[in-house]
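Visitor: Before anything else, here's the structure in question.
Derivation of every value follows stated rules applied to the coordinates shown; laboratory data play no part. These numbers were taken from a predicted model, which means no experiment stands behind them. All Cβ positions, even for glycine, are placed from backbone atoms using ideal geometry, and neighbour counts span all protein chains on display.
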Amino acid sequence: MPTPLLADRFGRVVRSLRISVTDRCNLRCLYCMPDGEIPWFPKKRILTYEEIGRVATILASLGVREIRLTGGEPLVRRDLPVLARMLSRIEGIEDLAVTTNGLLLAEMAEPLLVAGVRRFNVHMDSLEPAGFSRMSRRAGLDRVLSGLRELERLKATPVKINVVLLRGVNEDQIVRFVELALCRPYQVRFIELMPLGGGEPFELDRLVPGREVRRRIEEIYPLVPVGRDRPSAPANVFRIAGGAGDIGFINPVTEPFCADCDRIRITADGRIRTCLFSRTETDLAALLRGGSPDARIAEALQAAVARKEAGGCLDLHQFYRERLQRKMWQIGG
Ligand code: SAM
Ligand code: SF4
């Protein structure tokens with residue numbers, strides 16, 4: 001067997017790339033962004049589509065097979081289908097997905113699918129208009145729901161729905177989301193709140209552990225374990241008897257899945273991060289804009305992956321002390 005081209009010291013091989021295409025967003029979720037003035041990256045710092053395409057091509061030649069576009073809110077970046085088309089045509093790329101808050105999905109789903117996007121993860125924290133606006137500090141539930149209907153119309157299913165629970169704020173939505181998965185072909189995934197420091201101060205007692213969510217669901221609906229879609233998939237999936245969709249749990253805080261992680265991330269301003277919780281990053285933008293040839297960029301990417309953290313980066317106490325310099329919306333979730 002040839003040595004993998006993007007391997008770390010612990011034998012993990014990188015196959016999956018998350019690209020943040022913007023730090024900007026049309027919502028202000030409580031746990032992700034502040035509500036006031038936000039120091040956005042200046043436009044000239046954001047990687048151009050040509051720069052993103054170049055890095056993705058180099059990474060594909062090193063073994064990356066899947067790309068997910070994220071942000072901020074990726075759909076607010078102008079001409080996103082142009083980038084999607086470019087990325088979906090790269091030799092070696094087998095899967096292109098988008099994580100979105102769904103606000104612009106009704107208009108954008110079709111052009112993105114035509115451009116080569118294969119899957120959408122839609123984030124939505126409440127199925128009630130007032131709860132939605134409380135969680136995201138903006139109105140828009142009806143737009144997200146019409147985006148979901150559009151995905152069904154276009155047969156872009158199964159859709160994954162990401163729900164972050166905040167204790168005392170939207171935990172009343174657990175059963176409503178399960179009932180949504182009972183009647184629609186959606187995989188509803190409950191994601192544990194992470195201390196990524198962008199929104200309101202993280203309080204550990206706001207976190208609703210995935211295990212507790214599962215227990216609360218099982219008091220009403222028996223769940224049948226299905227397992228992970230693949231070993232590196234973050235969600236542990238369960239079926240509900242007779243359901244059109246299923247339920248997933250992503251528990252990065254209480255049950256970290258670092259040992260199977262196959263991801264790296266590129267921030268909108270061109271930094272490579274080997275973990276959401278990395279304390280270091282590699283300045284790819286400087287190489288891209290400094291005239292480095294592809295071979296030099298490939299070396300820098302391999303060196304970054306070689307330094308990938310063993311895991312356990314999410315040390316809550318450490319996090320409180322360090323006050324992360326980069327917030328979730330500046331990394332790309
Ligand atoms: N704007 C898009 C969206 O909301 O899906 C893409 C970016 S967002 C940062 C990606 C995912 O990260 C969303 O599902 C969001 O709920 C989640 N997220 C953001 N901040 C988080 C936090 N502090 N803890 C857990 N998940 C978080
Ligand atoms: Fe925007 Fe997504 Fe962050 Fe919400 S979670 S503020 S939608 S980037």
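Visitor: Give me the dipole magnitude in Debye, nearest 20, for the chain about the Cα centre, with unit charges on the beta carbon: positive for Lys and Arg, negative for Asp and Glu.
Guide: Numbers: 51 positive and 42 negative charges, 106 e Å.
So the magnitude is around 520 debye.
Visitor: Where does each of Leu112, Leu196 land when they are ranked from fewest to most other beta-carbon atoms within 10 angstrom?
Guide: Details: Leu112 27, Leu196 21.
Going from sparsest to densest Cβ surroundings: Leu196, Leu112.
Visitor: Just to confirm the filter: which GluC sites (Glu not before Pro) across the stretch 89-121 are DSSP coil and have at most 14 other Cβ within 10 angstrom of their Cβ? All intermediate terms of the calculation are to be shown ahead of the outcome.
Guide: Numbers: sites: Glu91, Glu94, Glu107; in loops: Glu91, Glu94.
Taking the stretch 89-121 and a limit of 14 other Cβ atoms within 10 Å, the loop GluC sites (Glu not before Pro) found are Glu91, Glu94.
Visitor: Sticking with this structure for a sec: I'd like the antiparallel share, as a percent to the nearest 5, of DSSP beta bridges with both residues in the stretch 16-331.
Guide: Values: 13 of 44 bridges.
Within the stretch 16-331, antiparallel bridges account for around 30 percent of the total.
Visitor: Give me the Kirkwood hydrodynamic radius of the chain in Å, from all C-alpha pairs, to one decimal place? Walk me through the intermediate numbers first.
Guide: Values: mean 1/r = 0.0493 Å⁻¹.
After inverting the mean inverse Cα-Cα distance, the result is 20.3 Å.
Visitor: Quick one: Cα centre-to-centre distance for the stretch 177-206 and the stretch 77-97, in angstrom?
Guide: If we compute the Cα centre of each part, the gap is 27 Å.
Visitor: Taking every Cα atom in the stretch 1-85, find the radius of gyration and the maximum pairwise distance Dmax, and write them in Å.
Guide: Rg and Dmax of the stretch 1-85, Cα atoms, are 15.9, 53 Å.
Visitor: Also: Given the options Cys183, Gly140, Thr274, identify the residue whose Cα lies farthest towards the positive end of the charge dipole of the stretch 16-331 (+1 on Cβ of Lys, Arg; -1 on Cβ of Asp, Glu).
Guide: After comparing all options, I get Thr274.
Visitor: Sticking with this structure for a sec: Select from Pro42, Pro201, Pro231 the residue whose mean-square fluctuation is largest in a Gaussian network model of the chain (Cα-Cα springs shorter than 10 Å).
Guide: Among Pro42, Pro201, Pro231, the largest GNM mean-square fluctuation belongs to Pro42.
Visitor: Please list 51-62, 128-139, 14-25 highest first by mean number of surrounding beta-carbon atoms within 10 Å per residue. Don't skip to the answer; put the middle values down first.
Guide: Details: 51-62: 19.5, 128-139: 16.6, 14-25: 23.0.
Descending packing order for the listed peptides: 14-25, 51-62, 128-139.
Visitor: Run the lone-cysteine check on the chain: no other Cys C-beta under 4.7 Å from the residue's C-beta.
Guide: If one checks each Cβ against the other cysteines of the chain, Cys25, Cys183, Cys258, Cys261, Cys275, Cys313 turn up with nothing under 4.7 Å.
Visitor: Next up: Determine Rg/Rh for the stretch 75-150; Rg is computed over alpha-carbon atoms and Rh is the Kirkwood hydrodynamic estimate from the same atoms.
Guide: On the way: Rg = 13.7 Å, Rh = 13.1 Å.
Checking Rg against Rh, the ratio lands at 1.04.
Visitor: Loop only per DSSP, at most 13 neighbouring Cβ atoms within 10 Å: give me the GluC sites (Glu not before Pro) in the stretch 209-258, ordered by residue number. Don't jump to the answer; show the numbers that get you there.
Guide: Values: sites: Glu212, Glu218, Glu219; in loops: Glu219.
Filter output for the stretch 209-258: Glu219.
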